[in-house]
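This report concerns only the one structure given below.
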Amino acid sequence: MPSLSVWAAAADKWLVPMSLPDGLLLALVGIGTVFVALVSILILVKIQSAAVAALTRKPAAPAVKPVSPAHAQASAGVPAPGSLGDVALHDVPDQTAALLMAIVADQLQAPLNQLRFISIKEVSR
């Protein structure tokens, strides 16, 4: 193994004093190299992401029919399968009634088709 003086002689041969502008230039070149490497990695990741998204894209869903069978049953007065009958709504919009029934089912942790709502009316204070 070489002695320490051999290493010191080699260091003196290769290390030269550097002026401040040379040091700043060297620092800028180093920072620029790292920045270019990071940007190139970013571009590669974007390209790979786009390629994977293009390869795994699902086919478009077929167009939705304007009238569904459930909507046709509801408009014909036939209760939906699994329902427990009609609900009498007294001055309550359908959307509000549906929201209230969903909240009650969630609070009771029971499926909505196992609950029976007879009537819903607004109570004012």
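The values are calculated or read from the model by the stated rules, or taken from the named source; none is laboratory data. The model shown is predicted, which means the values in this text are computed figures rather than measured ones. Cβ coordinates were reconstructed from backbone atoms using ideal geometry, including for glycine residues, and neighbour counts include every protein chain displayed.
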_Exactly one of these conditions fails for A74: (1) in a helix (DSSP H, G or I); (2) closer than 30 Å to V123 by Cβ; (3) modelled with pLDDT of 70 or more. Give me its number._
(3)
*Tell me which residues, restricted to region 78-125, are part of a loop (DSSP other than H, G, I, E, B) and modelled with pLDDT under 80.*
V78, P79, A80, P81, G82, S83, L84, G85, D86, V87, S124, R125
*Being assigned to a helix (DSSP H, G or I), over 46 Å from the mean Cα position of the chain (by Cα) and either loosely packed, with under 10 Cβ neighbours inside 10 Å or at pLDDT 95 or above (or both) is the filter here, so list the residues in region 1-58 that pass it.*
L4, S5, A11, D12, K13, W14, L20, P21
